[in-house]
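Undergrad: Below: one structure in structure tokens.
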Amino acid sequence: MKIAVVGREGQLAQCLRIQGRARGHYVHAAGRPDVDLTKPETVGAWLDQVKPGLVVNAAAYTAVDKAETECEQAFLINATGAGELSRLCAAASIPLIHISTDFVFDGTRRRPYVETDTVLPLGTYGTSKAAGEMAVQRACPQHVILRTSWIYSAHGNNFLKTMLRLGAERAELGVVDDQRGSPTSAHDLADAILEIAPRLAAATDPSLWGTYHVTGAYETTWHGFAAEIFRQAAIRGATVPRLKAITTAEYPTPARRPAYSVLDNTKFLETFGFALPDWRASLSRCMADVCPNQAPGQVA
Ligand SMILES: NC(=O)c1ccc[n+]([C@@H]2O[C@H](COP(=O)([O-])OP(=O)(O)OC[C@H]3O[C@@H](n4cnc5c(N)ncnc54)[C@H](OP(=O)(O)O)[C@@H]3O)[C@@H](O)[C@H]2O)c1
């Protein structure tokens with residue numbers, strides 16, 4: 001099938017392009033400057049030309065801290081831009097998969113968030129993404145919103161790559177241990193999207209439209225995530241730092257983050273029969289790409 005992906009160079013967009021083509025789909029991924037969510041005319045012309053059976057919006061303003069000072073730009077891309085894309089999809093009767101975030105929640109719960117829980121973002125990024133969700137819901141009836149969390153991959157910038165870089169530079173690293181969530185491999189999320197895409201494009205079952213949570217299985221803290229990264233890196237022969245558990249208060253950031261943003265994936269599993277693997281197993285697959293094996297006697 002023909003899938004149009006907005007956000008060419010992003011982590012998820014790159015995985016969709018590579019894995020979609022491997023599955024035999026025609027994946028047309030586009031991004032700035034050719035296709036810019038803040039310039040709906042570029043998006044409209046592209047959709048007219050590609051005529052996809054499905055659109056995935058993998059583009060977003062994702063700089064969580066910078067968003068606190070670039071509020072207007074975050075809303076222009078994540079809310080207005082998402083809404084314009086949705087309007088164009090609806091006008092052409094193209095189903096849309098839109099990606100959202102665990103940061104739409106305030107993190108005060110201590111059980112995994114379900115789709116119907118109240119959205120109450122703490123920062124500008126989360127607020128702009130929540131506004132984007134509403135814009136998609138209003139403009140495009142044939143939509144699926146996938147809320148995910150803590151994305152990492154071999155592409156772009158992410159926590160995994162930051163840890164490996166800092167770990168190679170420093171003897172000791174302090175990482176926040178009082179924020180809980182679920183690391184999600186962009187590769188796994190792309191698999192999930194490509195798995196459900198044909199069903200959504202067929203559009204035979206209107207009950208499929210709506211919002212779903214889809215993340216890596218099981219939860220941890222950022223410190224737990226880092227500890228597993230360095231455990232696996234050490235096995236691969238990398239030099240790793242001493243890891244210190246610190247609190248959010250000891251690592252102040254411009255944007256407040258939810259202390260608990262684990263998402264319940266039951267609805268996605270029950271609807272589509274598909275769940276993402278244990279985040280530790282997925283991390284191990286990604287490590288092969290980002291941390292070449294240097295252990296003596298082992299083949300890189
Ligand atoms: N990263 C996470 O931890 C995380 C967690 C939860 C949810 N999400 C959501 O998951 C989705 C994918 O995230 P990701 O990590 O793959 O993102 P990413 O790597 O930061 O990539 C985002 C992409 O969006 C593109 N983009 C930004 N503004 C645009 C515009 N006006 N028009 C067209 N493209 C634009 C960027 O293009 P440029 O290269 O031109 O900047 C970039 O390639 C996003 O919706 C994000 O909000 C991410």
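The values are calculated or read from the model by the stated rules, or taken from the named source; none is laboratory data. Since the structure is predicted, the reported quantities are computational estimates derived from the model, not experimental observations. Cβ coordinates were reconstructed from backbone atoms using ideal geometry, including for glycine residues, and neighbour counts include every protein chain displayed. Keep in mind that these areas ignore ligands, DNA and RNA; they rest on the heavy atoms of the full protein, side chains included. Shrake-Rupley method; radii C 1.70, N 1.55, O 1.52, S 1.80 Å.
Undergrad: Please go through the range 203-220 and pick out each residue that is open to solvent by less than 30 Å² (accessible area, probe 1.4 Å), more than 16 Å from Ile145 (Cβ to Cβ) and either of a type in the set (A, V, I, L, M) or part of a loop (DSSP other than H, G, I, E, B) (or both).
TA: Gly216, Ala217
Undergrad: Next up: Condition first: open to solvent by 10 Å² or more (accessible area, probe 1.4 Å) and either more than 21 Å from Ala4 (Cα to Cα) or within 8 Å of the ligand (Cβ to nearest atom) (or both). Now tell me which residues in the range 68-80 satisfy that.
TA: Correct list: Glu68, Thr69, Glu70, Cys71, Glu72, Gln73, Phe75, Leu76, Ile77.
Undergrad: Applying the selection to the range 135-150, what residues are open to solvent by 30 Å² or more (accessible area, probe 1.4 Å) and in a loop (DSSP other than H, G, I, E, B)?
TA: The first filter runs over the range 135-150 and keeps only residues open to solvent by 30 Å² or more (accessible area, probe 1.4 Å), leaving 137-139, 141-142.
Within the range 135-150, Pro141, Gln142 meet the criteria.
Undergrad: Follow-up question, since we're still on this one. Take the range 1-27 and flag every residue that is open to solvent by 10 Å² or more (accessible area, probe 1.4 Å), without any contact (Cβ under 8 Å) to a residue 60 or more places away in the chain and away from the ligand (no atom under 14 Å from the Cβ).
TA: Once the filter is applied, which keeps residues that are open to solvent by 10 Å² or more (accessible area, probe 1.4 Å), without any contact (Cβ under 8 Å) to a residue 60 or more places away in the chain and away from the ligand (no atom under 14 Å from the Cβ), the range 1-27 yields Lys2, Arg21, Ala22, Gly24, Tyr26.
Undergrad: Scan the range 248-256 and give yes if some residue there is among the polar types (S, T, N, Q) and either surrounded by fewer than 17 Cβ atoms within 10 Å (Cβ to Cβ) or in a loop (DSSP other than H, G, I, E, B) (or both), otherwise no. Outline the logic, then answer.
TA: Going residue by residue through the range 248-256, those that are among the polar types (S, T, N, Q) are 248, 253.
Next, from what is left, pick out any that are either surrounded by fewer than 17 Cβ atoms within 10 Å (Cβ to Cβ) or in a loop (DSSP other than H, G, I, E, B) (or both): 248, 253.
Looking through the range 248-256, at least one residue is among the polar types (S, T, N, Q) and either surrounded by fewer than 17 Cβ atoms within 10 Å (Cβ to Cβ) or in a loop (DSSP other than H, G, I, E, B) (or both).
Undergrad: Scan the range 44-67 residue by residue and report those that are open to solvent by less than 10 Å² (accessible area, probe 1.4 Å) and near the ligand (Cβ under 8 Å from one of its atoms).
TA: Passing the criteria: only Asn57.
Undergrad: Return the total of residues in the range 9-27 being part of a loop (DSSP other than H, G, I, E, B) and more than 13 Å from Ala60 (Cβ to Cβ). Walk me through how you get there before you give the answer.
TA: So the first thing to find is which residues in the range 9-27 are part of a loop (DSSP other than H, G, I, E, B), and the list is 9-10, 23-25.
Next, from what is left, pick out any that are more than 13 Å from Ala60 (Cβ to Cβ): 23-25.
Total satisfying the criteria: 3.
Undergrad: From the list Asp106, Asp117, Asp34, exactly one residue is within 10 Å of the ligand (Cβ to nearest atom) and in a loop (DSSP other than H, G, I, E, B). Which is it?
TA: Asp34
Undergrad: Just need a number here: residues in the range 231-246 that are in contact (Cβ under 8 Å) with a residue 40 or more places away in the chain, closer than 24 Å to Ala217 by Cα and either open to solvent by 60 Å² or more (accessible area, probe 1.4 Å) or touching a Pro at 6+ places or on another chain (Cβ under 9 Å) (or both).
TA: So the answer is 2.
Undergrad: I need the full set of residues from the range 102-134 which are open to solvent by less than 10 Å² (accessible area, probe 1.4 Å) and of a type in the set (Ser, Thr, Tyr), in order please.
TA: Hits for the range 102-134 are Tyr113, Ser128.
One line per residue, one yes/no per condition, for (1) among the hydroxyl-bearing types (Ser, Thr, Tyr); (2) closer than 17 Å to Val5 by Cβ:
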| residue | (1), (2) |
| --- | --- |
| Val144 | no, yes |
| Thr162 | yes, no |
| Ser182 | yes, no |
| Pro206 | no, no |
| Thr211 | yes, no |
| Phe230 | no, no |
| Arg242 | no, no |
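Undergrad: For the range 107-143, name all the residues that are closer than 27 Å to Asp178 by Cβ and of a type in the set (Lys, Arg).
TA: Arg109, Arg110, Arg111, Lys129
Undergrad: For residues that are within 21 Å of Pro198 (Cβ to Cβ) and either open to solvent by 60 Å² or more (accessible area, probe 1.4 Å) or not in a helix (DSSP H, G or I) (or both), tally how many sit in the range 257-276.
TA: Residues of the range 257-276 within 21 Å of Pro198 (Cβ to Cβ): 265, 267-276.
Retained after the next criterion (residues that are either open to solvent by 60 Å² or more (accessible area, probe 1.4 Å) or not in a helix (DSSP H, G or I) (or both)): 265, 267, 269-270, 273-276.
Selection size over the range 257-276: 8.
Undergrad: Sticking with this one: Tell me yes or no: at least one residue of the range 83-100 is modelled with pLDDT of 95 or more, more than 14 Å from the chain's Cα centre (by Cα) and within 18 Å of Cys71 (Cα to Cα).
TA: Checked the range 83-100: at least one residue is modelled with pLDDT of 95 or more, more than 14 Å from the chain's Cα centre (by Cα) and within 18 Å of Cys71 (Cα to Cα).
Undergrad: Quick test for you: out of Thr69, Thr80, Thr42, pick the one residue that is without any contact (Cβ under 8 Å) to a residue 60 or more places away in the chain and closer than 24 Å to Ala130 by Cβ. Explain how you work it out, then say what you get.
TA: Numbers: Thr69 fails: without any contact (Cβ under 8 Å) to a residue 60 or more places away in the chain; Thr42 fails: closer than 24 Å to Ala130 by Cβ.
Just one listed residue meets the conditions, Thr80.
Undergrad: I want to confirm something. Restricting to the range 156-184 and keeping residues that are within 11 Å of the ligand (Cβ to nearest atom) and assigned to a strand (DSSP E or B), which single residue is farthest from Arg17 (Cα to Cα)?
TA: Gly181
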